[in-house]
Amino acid sequence: MKNILTTENTSIHQVMKKLQKTGEKCLVVASKNKKLLGTITDGDIRRAILKKIKITSSIKKIYKKNCIYIFNKKKEIKSKKIFKLLKSKKINLIPIVNKSKRFIDYITPEKFHGSEKYKRINVEVIIMAGGAGTRLKPFTNVLPKPLIPLGNKTVIERIISNFTKYGVKRFIISINFKSKVIKSFFDELEPNYSYNFLEEKKPLGTVGCLAFLKSKKKKNYFITNCDTLMNVDCSEIYNFHTRNQNDITVVVSSKKFVVPYGSCKIDKAGLLEGIVEKPHQHLLVNTGMYVVNNQLFKLIQKNKFMNFVDLINISKKQGKKIGAFPVSDSAWFDTGQWDEYNKTLKFYDKQ
């Protein structure tokens, strides 16, 4: 049995990491002697973060104290009512307790009746692979950034495989820098998915090429930078986008930034109040992954340089709905810079 227990004094950030590690969407909150206190889900975490609750705060005020639980009775555990409850209420996990309400085990939809590990989604993915990869020089003097190796696969193969396990079969790849090398690589791959290239004659930024995908038919696309690797449930992101009827959903991640110096606090008279040694703060940062309604592509002019932040700003001015989907910092890898690339390499070496 996975260790899915946590305490109410645990921080939001620690719970995010534990959810990522266990692969579950819910943890059981219990006292030190394992007495059930409640449950906390990834959805509870997302809502807290979007309400600007600090991720260093404890989960004491955000976890569900009136959660559903069952007693350790074989008839009750195997009851069809439990199956209906899991399905109708869309519950990720139900704790099992003894007479003293001490946690013993848990039931998930997968454990109860079995299901596919990955939920299938019907969506196309656009991979922005046209950048020069200047932060990865001198490697990118020889290879384009999408073809930098991560273990026995390239970066772009890793990105694609994160989607194909959810049933995604269609990819659009924007290319510019060393485009012939990328084309040659895919010519020899013979993959079990379809792909098309969207070739830029000149660099058009992170969304400029999307002007050529204008369509009257309304649909959503996943869009990802070619240095963004995510170990997350893509179906959850996509369902969040459609359920909330967003025009854009930005996948964001908490990131800890440490100032490597003592921070001096000065009062109005110019006198030193104190020094905080190497202060740090957690910020929500853009991971470079999005779900976008293609009707927004009409806002992009053909052959004009445009970055994603520009599209977001224009969309906001027009009253479009833009949501954020927070993920754990341990679920996101940025392979576009050397220190992060090395961390990612270690992760895939363990796979």
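Restricting the first member to the stretch 122-144 and to residues that are assigned by TED's automatic domain parsing to the domain that holds V168, and the second to residues that are charged (D, E, K, R) and part of a helix (DSSP H, G or I), the beta-carbon pairs closer than 8 Å and six or more apart or on different chains are A129/K145; G131/K145; A132/K145; G133/K145; L136/K145. Restricting the first member to the stretch 182-193 and to residues that are over 14 Å from P146 (Cα atoms), and the second to residues that are of a type in the set (S, T, N, Q) and surrounded by 10 or more Cβ atoms within 10 Å (Cβ to Cβ), the beta-carbon pairs closer than 8 Å and six or more apart or on different chains are N192/T164; Y193/T164. If the condition is being over 18 Å from V251 (Cβ atoms), of a type in the set (D, E, K, R) and at pLDDT below 85, then the stretch 317-351 contributes D339, K343, K346, D349, K350. Looking only at residues in the stretch 300-313 that are buried (at least 18 other Cβ atoms within 10 Å of the Cβ), aliphatic (A, V, I, L, M) and part of a helix (DSSP H, G or I), the one that is farthest from the chain's Cα centre (by Cα) is L311. Residues in the stretch 10-49 that are more than 24 Å from V97 (Cα to Cα) and touching a Phe, Trp or Tyr at 6+ places or on another chain (Cβ under 9 Å): R46 only.
Annotation note: Cβ proximity below 8 Å between a residue of the stretch 326-345 that is farther than 23 Å from D42 by Cα and a residue that is surrounded by fewer than 18 Cβ atoms within 10 Å (Cβ to Cβ) and of a type outside the set (V, I, T) (sequence gap 6+ or interchain) occurs for G336/R135; Q337/R135; W338/R135; L345/G151.
Would you call D267 charged (D, E, K, R) and crowded, with 17+ Cβ neighbours inside 10 Å?
no
So in the stretch 28-47, with the set limited to residues that are under 15 Å from N9 (Cβ atoms) and free of Cβ contacts under 8 Å to residues at least 60 places away in the same chain, which one is surrounded by the fewest Cβ atoms within 10 Å (Cβ to Cβ)? Within the stretch 28-47, the match that is surrounded by the fewest Cβ atoms within 10 Å (Cβ to Cβ) is K32.
Between N196, N192, the distinction of being part of a strand (DSSP E or B) and on the phi < 0 side of the Ramachandran plot belongs to N196 only.
The values are calculated or read from the model by the stated rules, or taken from the named source; none is laboratory data. Everything numeric in this text was worked out from a predicted model, so none of it was measured. Every residue, glycine among them, receives a Cβ derived from its backbone with ideal geometry; neighbour counts consider all protein chains shown.
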